Amino acid sequence: MIRAVVSQGMFKPIDPVPEDWAEGAEVVVACVTNAPPNHAEIDDWYNAYAAQDSPVLSPEEEARFDQTLAELKADSKRQFDRVAELNN
């Protein structure tokens with residue numbers, strides 16, 4: 001699935017268009033109703049969680065959470081950079 005944003009009434013891809021898509025190919029566009037994750041809220045939740053005396057996650061779960069959070073932040077940065085590039 002290719003993600004895109006609406007800008008001045010036009011769709012601008014966020015993700016690269018596959019090389020095998022021919023120029024002028026017809027595509028289907030659908031609006032995403034779920035908002036992207038709010039990273040500030042996730043950080044606030046994690047900081048509150050980390051301040052607790054007794055952890056509620058196992059060390060493996062905590063490591064998986066940290067990895068997922070890092071991946072979300074990296075994806076968010078890539079998406080922001082791509083949108084900023086498209087708007088220039």
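If Rh is defined by the Kirkwood formula over all Cα pairs and Rg also comes from Cα, what ratio Rg/Rh do you get for the chain?
Over the Cα atoms of the chain, Rg/Rh equals 1.12.
Given an 8 Å cut-off on Cα distances and at least 6 residues of separation, report the relative contact order of the chain as a percent.
For the chain, the relative contact order is 30 percent.
Using DSSP to define loop residues, name the trypsin sites (Lys or Arg not before Pro) in the range 49-81 whose beta-carbon has at most 11 other beta-carbon atoms within 10 Å.
Counting only loop positions with at most 11 other Cβ atoms within 10 Å, none of the trypsin sites (Lys or Arg not before Pro) in the range 49-81 qualifies.
Mind putting a number on the dipole of the range 4-86 about its Cα centre? Charges go on the C-beta only, +1 for Lys and Arg and -1 for Asp and Glu, and I need it in Debye to the nearest 20.
About 300 debye.
No lab work stands behind these numbers, since they all come straight from the coordinates. All figures in this text were calculated on a predicted structure; none of them were measured in a lab. Positions of Cβ are backbone-derived with ideal geometry, glycine not excepted, and every protein chain shown enters the neighbour counts.
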